[in-house]
Amino acid sequence: MTELGPVTWPPAPITTERLVLRAPEARDRATFIELLASPDVHAYLGGPRQRDELEREVPAVPEPWPGSFVVERDGLMIGQILVRRVTEHRNEAALGKVDLGYLFLPRAWGHGYAAEACAAALDWVDACLPGEPVVLATRTANARSMRLAAKLGFTEVERFRAWGADQWLGQRPPRTPAAPHVP
């Protein structure tokens, strides 16, 4: 996956009703390690990584590249939104498109934070990359992720087999930001 192209990074923090999406900072390192080492978070992502390995490898400021948003609630990181351009994929329909991914700590599940944060990230994509379709891939066994994809407006493009499991690829049609209201 490569950079998104002509986007300003980092953007000003994006504020929703309950969350802030912002660029990663050094204070997020421990939470990134927790996300990457969590068996629950990685149940459908090929399994967690070893904590001692992560402690050695995760840089002081984790993933500071364009499209990596920290999701913050009440001043604490609860997850990550990933917006990337697909350059390699098991499914050709995804190639060249913008991909949406997300990881949330288990204690943040079930509160609607992923939907709220992903919707804000998609609004950012619409504003920065108007007319771009967005894809999302998930395992078909991940019922929560499948429900979230539908809620965000993704529709099935294809099902395929990869990484030893059945996968689902959805796409959200290109959108352009609404014109500002002028009284």
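Miscellaneous remarks
- Annotation note: of Thr140, Thr176, the sole residue that is hydroxyl-bearing (Ser, Thr, Tyr), over 24 Å from Met77 (Cα atoms) and at pLDDT 90 or above is Thr140.
- Residues within the stretch 33-44 that are modelled with pLDDT of 90 or more and either over 14 Å from Phe104 (Cβ atoms) or open to solvent by 20 Å² or more (accessible area, probe 1.4 Å) (or both), tallied: 6
- Scan of the stretch 131-145 for residues that are over 14 Å from the mean Cα position of the chain (by Cα), on the phi < 0 side of the Ramachandran plot and not in a strand (DSSP E or B), ordered by number: Glu132, Pro133, Thr140, Ala141, Asn142, Ala143, Arg144
- Once the stretch 88-98 is narrowed to residues that are out of contact with any Leu (no Cβ under 7 Å at 6 or more places or on another chain) and touching a residue at least 12 places away in the same chain (Cβ under 8 Å), the residue that is nearest to Arg161 (Cα to Cα) is Arg90.
- Residues in the stretch 57-77 that are open to solvent by less than 20 Å² (accessible area, probe 1.4 Å) and under 13 Å from the mean Cα position of the chain (by Cα): Gly67, Ser68, Phe69, Val70, Val71.
- Residue in the stretch 153-163 that is least open to solvent (accessible area, probe 1.4 Å), counting only those that are in a loop (DSSP other than H, G, I, E, B) and hydrophobic (A, V, I, L, M, F, W, C): Phe154
- Of all residues in the stretch 45-58, none are at pLDDT 90 or above, on the phi > 0 side of the Ramachandran plot and out of contact with any Cys (no Cβ under 7 Å at 6 or more places or on another chain).
Residue-by-condition table, conditions (1) in contact (Cβ under 8 Å) with a residue 24 or more places away in the chain; (2) touching a Gly at 6+ places or on another chain (Cβ under 8 Å); (3) open to solvent by 30 Å² or more (accessible area, probe 1.4 Å):
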{"site": "Leu103", "(1), (2), (3)": "yes, yes, no"}
{"site": "Glu116", "(1), (2), (3)": "yes, no, yes"}
{"site": "Trp124", "(1), (2), (3)": "yes, no, no"}
{"site": "Ala127", "(1), (2), (3)": "yes, no, yes"}
{"site": "Val134", "(1), (2), (3)": "yes, no, no"}
{"site": "Arg147", "(1), (2), (3)": "no, no, yes"}
{"site": "Lys151", "(1), (2), (3)": "yes, no, yes"}
{"site": "Ala165", "(1), (2), (3)": "yes, no, no"}
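- Identity of the residue in the stretch 1-44, of a type in the set (S, T, N, Q) and out of contact with any Cys (no Cβ under 9 Å at 6 or more places or on another chain), that ends up farthest from Gly75 (Cα to Cα): Thr2
The values are calculated or read from the model by the stated rules, or taken from the named source; none is laboratory data. Computed from a predicted structure; not experimentally measured. In this analysis, Cβ positions are derived from the backbone assuming ideal geometry, glycine residues included, and neighbour counts consider all displayed protein chains. Each accessible area value is taken on the protein alone, full model and side chains, heavy atoms only, with ligands, DNA and RNA left out. Shrake-Rupley method; radii C 1.70, N 1.55, O 1.52, S 1.80 Å.
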